[in-house]
1. Count, please, the residues in the range B:10-41 that happen to be assigned to a helix (DSSP H, G or I) and in contact with a strand residue (DSSP E or B) (Cβ under 7 Å, 6 or more places away or on another chain).
2. Output the number of the condition that residue A:19 fails; it satisfies all remaining conditions of (1) free of Cβ contacts under 8 Å to residues at least 12 places away in the same chain; (2) surrounded by fewer than 17 Cβ atoms within 10 Å (Cβ to Cβ); (3) touching a helix residue (DSSP H, G or I) at 6+ places or on another chain (Cβ under 8 Å).
3. Filter the range B:49-65 down to residues that are more than 9 Å from every other protein chain (Cβ to nearest Cβ) and surrounded by 17 or more Cβ atoms within 10 Å (Cβ to Cβ) and give me whichever is farthest from residue B:311 (Cα to Cα).
4. Output the qualifying pairs, or none if there are none: Cβ atoms under 6 angstrom, residues six or more apart or on different chains, first residue in the range B:149-170 and farther than 24 Å from residue B:132 by Cβ and within 14 Å of another protein chain (Cβ to nearest Cβ), second residue at pLDDT below 95 and assigned to a helix (DSSP H, G or I).
5. Output the residue which, of all residues in the range A:72-106 that are over 25 Å from residue B:149 (Cβ atoms) and in contact with a helix residue (DSSP H, G or I) (Cβ under 9 Å, 6 or more places away or on another chain), is nearest to the other protein chains (Cβ to nearest Cβ).
6. What do you reckon, is residue A:17 more than 24 Å from residue A:125 (Cα to Cα), modelled with pLDDT of 90 or more and either more than 10 Å from every other protein chain (Cβ to nearest Cβ) or not in a loop (DSSP other than H, G, I, E, B) (or both)?
7. If you go through the range B:91-147 one residue at a time, how many are assigned to a strand (DSSP E or B), away from chain A (no Cβ under 11 Å) and within 22 Å of residue A:122 (Cβ to Cβ)?
8. How many residues are under 20 Å from residue B:315 (Cα atoms) and in contact with a helix residue (DSSP H, G or I) (Cβ under 9 Å, 6 or more places away or on another chain) when one looks only at the range B:11-50?
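The values are calculated or read from the model by the stated rules, or taken from the named source; none is laboratory data. Predicted model, so just to flag it, every value in this text is computed and none were measured. Heads up, the Cβs are rebuilt from the backbone with ideal geometry, glycines too, and the neighbour counts pull from every protein chain shown.
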């Protein structure tokens, strides 16, 4: 049974149009004792990222005198793909993924503010359906923001591929197996690109198209991420406010008194 | 298991409060109270059965607690040439996420993972609990059941959580139905058939005479199997009521308490883990027992703890059963009625 990547009506195998992104679901609830955590879904790809830090480094030898050390560990659950595969923590693909994420966030996190500390980023891949690097990067941005670690900007990543000269965005596993594809991560405010990876062969002209499209798609993802973070922060601020107790009417409230000049 | 570091003063404070009358715990529970347990089955759609369990999630911000995600995957194994065992086999493994144990080094994490894996595997892969429907073709093909449990966060009592999640995932597992298939070459019509009255007595004649619809004996001689098209994902694992539940009794002589938080775990020097199985027609059986910690117990104490442990396990089992039935209803019956309405 041959599945059409892009049929004549302009629809892909999962019913999306050419430039349509999958459903994005963002959950920023707290996980354990992590300083910040985020669960992100791109369609059926689900990734959970927990951030600890900045905190004292577990291994002193890895610290740097003038900035924080970013440590990324990726854990892929064996039942995340259709076929069960138990990957050891030192699996080469996983280490490559971790070092890619680290390289993406090195210039974005303001590490100079925290010398001799460590920021730990733990990525759990719960379900995979294509676009893994993109999901990991987006979830890491959210987790870092939720942890309150200063960033220069968001990092929004999206994957793109080409099918018979037609560019497609946000690929599923089916599409990734068949098409040459690239992942691009952009910083939406400054429009700077912090990551481009391409592991297959792609014509230079097609690549330019994909690149441009991915930068635009990054803006869309940025909007979603900002909305989710704003919701969460608003909820936290409200909780803070209600905890202090709103002063009612004539109650004398202990406030900072401004001393009048006598 | 891994515990937070705790000062002597804090340790003594917790022990004294537990031994007081009435016994006091930091969150106001009694000695035998469990925290809120949240369970959801069918969370990993790519797996044959899955469950997510959370003990002690705080209701307001929705975070914290011990969270375990367990999933079962079934794969076909060759008995003759591969590692398969006639009748199927079960392999369990536990993965500890580094975010659950942020203070542990990578080696310590591996050791903890190995300890929990051994405990889970030795208990669940035991022949006394082996489900009857894991074989496909006798002496040829069988299912390999892989149970993977991932500890996402740990706020105490991880062993109970692991066993409960494993039980729920195994309860939720659907084994795909298989049908034995045999290919038989078409035999040419015997050339001498029309000639005379004396027919050669062909040893294969008996086989020919039997109707092609009779498939009773096919399983023994079948060479392969196929998956027939069915409206559901398969049949449930046989004997799924027998999977054990575990209770961890934290012991500060002379009393014991259940469901410890990390500071409480760090304050107890003795822990008894008991896994009980409650089959429907037989008496309950003790499937696993581990005594952990640097203290010691007298034999009569162990006997009374076993009796207490069985009672606690019984209650836990009843509660878990009720919840699993609920989940069945939520996912199957309600889905069916909703579909029928449409």
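1. Matching residues across the range B:10-41 total 3.
2. Residue A:19 satisfies every listed condition except (1).
3. Checking each candidate, the answer is B:49.
4. B:156/B:262; B:156/B:265
5. Of everything passing the filter in the range A:72-106, A:101 is nearest to the other protein chains (Cβ to nearest Cβ).
6. So residue A:17 passes the test.
7. The number of residues fulfilling the criteria is 1.
8. Residues that pass the stated criteria total 6.
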